[in-house]
Every structure is written in C-alpha cells, then in structure tokens.
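Enquirer: Quick one: this structure, given as structure tokens, is what I'll be asking you about.
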Amino acid sequence: MRHARAEALDRLEPLLAELRQLPGVKETARGVYYRRGRAYLHFHEDAAGLFADLRATDASDFTRYDVTAEAGRAALLSAARRGL
C-alpha cells in the first residue's frame, strides 16, 4: 500500500480542509499531519480504496480508517477530533 498521490488526495480535499482546522495539528505536506512533533495522520491508496492512518493520543500505533466513502471520512474526522 503506497502513500496517497495527488490525484487521490484531490478526491479527499473537503476532508483535508476540515483536518487543517484542527487545533494543534500541522500539515507538513499535503495529506500528512503532525501533532506535537509526531506523525499524527497520513493517507494511503491501493486497489481497494483510500485509507487514513490516525495515531491516537499517546499511542505508538496507528488506527487505519477506510476513507473511500463518506461514512469512513466522517468516522476519521470524529476520531481525530476526539483525540485532541
């Protein structure tokens, strides 16, 4: 599974715009977010769809979200907001 390319991120732009508004989260490259100097959120793509890896507060592992459809995007955004 590779990191999401620009074309894939174009499909997620409304979600990316909302993520940019989260307090304490910095977008270091398009679709790559850091919080407190640690990788916090990034996106992947493969034949199965688009996915986001989100690190929970104080966790070392990421949780993967399928963001191919709107329901997954809403779940990711909700989890990211809860984690702050």
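The values are calculated or read from the model by the stated rules, or taken from the named source; none is laboratory data. If you're wondering where the values come from, they're calculated on a predicted model, not measured in any experiment. We place every Cβ from the backbone using ideal geometry, glycine too, and count neighbours over all the protein chains shown. Quick note on the areas: whole protein, heavy atoms, side chains included, nothing else; ligands and nucleic acids left out. Shrake-Rupley method; radii C 1.70, N 1.55, O 1.52, S 1.80 Å.
Enquirer: So for 67, 32, 25, what's the accessible-area order with a 1.4 Å probe, most first?
Expert: 32, 25, 67
Enquirer: Measure off, as a whole percent, the carbon and sulfur share of the 1.4 Å-probe accessible area of the chain, all protein chains present.
Expert: So the carbon and sulfur contribution to the accessible surface is 51 percent.
Enquirer: If I build a Gaussian network model for the chain, linking alpha-carbon pairs within less than 10 angstrom, which residue out of 43, 51, 62 has the largest mean-square fluctuation?
Expert: 62
Enquirer: Run the simple label-point estimate for residue 66 and residue 1 please: 7 Å along Cα→C-beta, distance reported in nm.
Expert: For the pair residue 66/residue 1, the computed spacing is 1.1 nm.
Enquirer: To the nearest 20 debye, what is the magnitude of the charge dipole of the chain about its Cα centre, counting +1 on the Cβ of each Lys and Arg and -1 on the Cβ of each Asp and Glu?
Expert: With only Lys, Arg, Asp and Glu charged at Cβ, the dipole is about 380 debye.
Enquirer: Tell me, what is a quarter of the convex hull surface for the C-alpha atoms of the chain, in nm² with one decimal?
Expert: So the mean shadow area of the Cα hull is 5.0 nm².
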